[in-house]
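These notes concern the structure reproduced below.
What follows is calculated from the coordinates using simple rules that are stated; it is not laboratory data. Keep in mind it's a predicted model, so treat the numbers as computed, not measured. Neighbour counts are summed over all protein chains in view; Cβ atoms, including those assigned to glycine, are modelled from backbone coordinates with ideal geometry.
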Amino acid sequence: MNIVQTPLEGCLVIEPMLFKDNRGYFFESFNEEKFKKGIGIDLNFVQDNEAFSNKGIVRGLHFQKGKFAQAKLVRVITGKVLDVAVDLRKNSQTYGQHFSIVLSGENKKQLFVPRGFAHGYSVLENNTVFAYKCDNYYNKESEGGIIYNDKTLNIDWNLLDIEIKLSDKDMQLPNL
């Protein structure tokens, strides 16, 4: 696997080794030993989540606070998303900045989002399956979020405004 540092410290793109032949492809989607060595952090994933969505859905920007903060390793199984991480670490030089990347079933790239970040994604293709690992359990009382169209973040979700569909909860999120 190849690990690429993004402009946000600790937020990493992971490019797996993909082996293709006339039968299809094979790749190792996760190897704990290689992952820990590659990112230089000792963490244990305790929960796997999966979401199915069609084009136009925006999920996020979400985070967990306090002792329930989560690091995430995210990827797309089928389809395509624009994945976004926002640095919420107050002492960080990149506080309030975001990084975005297209993750797809085709490119097999993954994004490691460390604790202290908000995370979200826009779905760019129908029938998209999004999967992620978390290093801490979800806790409803510790959830937080930022509205997707926050003017200070100015995120381009790669969708037209009329295409965007949000949950009722995500429509009520505050600005940064």
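For a footprinting-style exposure proxy, rank Leu103, Leu43 by other Cβ within 10 Å, fewest first.
Leu43, Leu103
Before anything else, pin down the relative contact order of the range 45-171: Cα pairs under 8 Å, at least 6 apart, normalised by residue count, whole percent.
Computed value for the range 45-171: 42 percent relative contact order.
Once you have a ≥ b ≥ c as the square roots of the Cα gyration tensor eigenvalues for the range 1-76, tell me rounded if a/c is under 1.5, and otherwise prolate or oblate according to whether a/b is larger than b/c.
Oblate shape, in that a/c is at least 1.5 and b/c is the bigger or equal ratio.
Could you work out [θ]222 nm for the chain from helices alone, using -39500 (n - 2.57) per DSSP H run of at least four and dividing by all its residues? Round to the nearest 500 deg cm²/dmol. Write out the running numbers ahead of the final one.
Working: 2 runs with 12 residues, N = 176.
So the helix-based figure for the chain works out to -1500 deg cm²/dmol.
Taking θ as phi - 60°, what are the ³J(HN,Hα) couplings along the range 64-75 by the Karplus curve (6.51, -1.76, 1.60), each to the nearest whole Hz, with x for Gly and Pro?
Along the range 64-75, the couplings run 10, 9, x, 5, 9, 3, 10, 9, 9, 10, 10, 7 Hz.
So for Val129, Val113, Val13, fewest C-beta neighbours within 10 Å to most, what's the order? Present the calculation step by step, with values, prior to reporting the outcome.
Numbers: Val129 14, Val113 27, Val13 17.
In increasing order of surrounding Cβ atoms, one gets Val129, Val13, Val113.
Taking amide H atoms as placed 1.01 Å from N in the peptide plane, list the residues 5 or more away in sequence, or in a different chain, whose amide H sits under 5 Å from that of Phe117.
So Phe117 has HN proximity to Leu88.
Once phi is turned into θ = phi - 60°, what whole-Hz ³J(HN,Hα) does the Karplus curve with 6.51, -1.76 and 1.60 give for every residue of the range 161-176, x standing for Gly and Pro?
These are the phi-based 3J(HN,Hα) values: 3, 6, 7, 6, 10, 10, 6, 4, 4, 5, 5, 9, 5, x, 6, 4 Hz.
Using the Cα gyration tensor of the chain, with a ≥ b ≥ c the square roots of its eigenvalues, what is the shape: rounded (a/c below 1.5), prolate (a/b larger than b/c) or oblate (neither)?
Numbers: a/c = 1.67, a/b = 1.18, b/c = 1.41.
The shape class here is oblate.
Apply the Karplus curve 6.51 cos²θ - 1.76 cosθ + 1.60, θ = phi - 60°, to the phi angles in the range 121-131 and return the couplings in whole Hz, x for Gly and Pro.
The phi angles translate into 7, 10, 8, 9, 9, 5, 6, 8, 10, 10, 10 Hz.
Where the centre of each part is set by its Cα atoms, how far does the range 40-63 sit from the range 102-176, in angstrom?
Cα centroid to Cα centroid, the span is 8 Å.
Of Phe117, Phe19, how do they rank once you tally other Cβ atoms within 10 Å and put the fewest first?
Numbers: Phe117 25, Phe19 10.
Listed from fewest to most nearby Cβ atoms, that is Phe19, Phe117.
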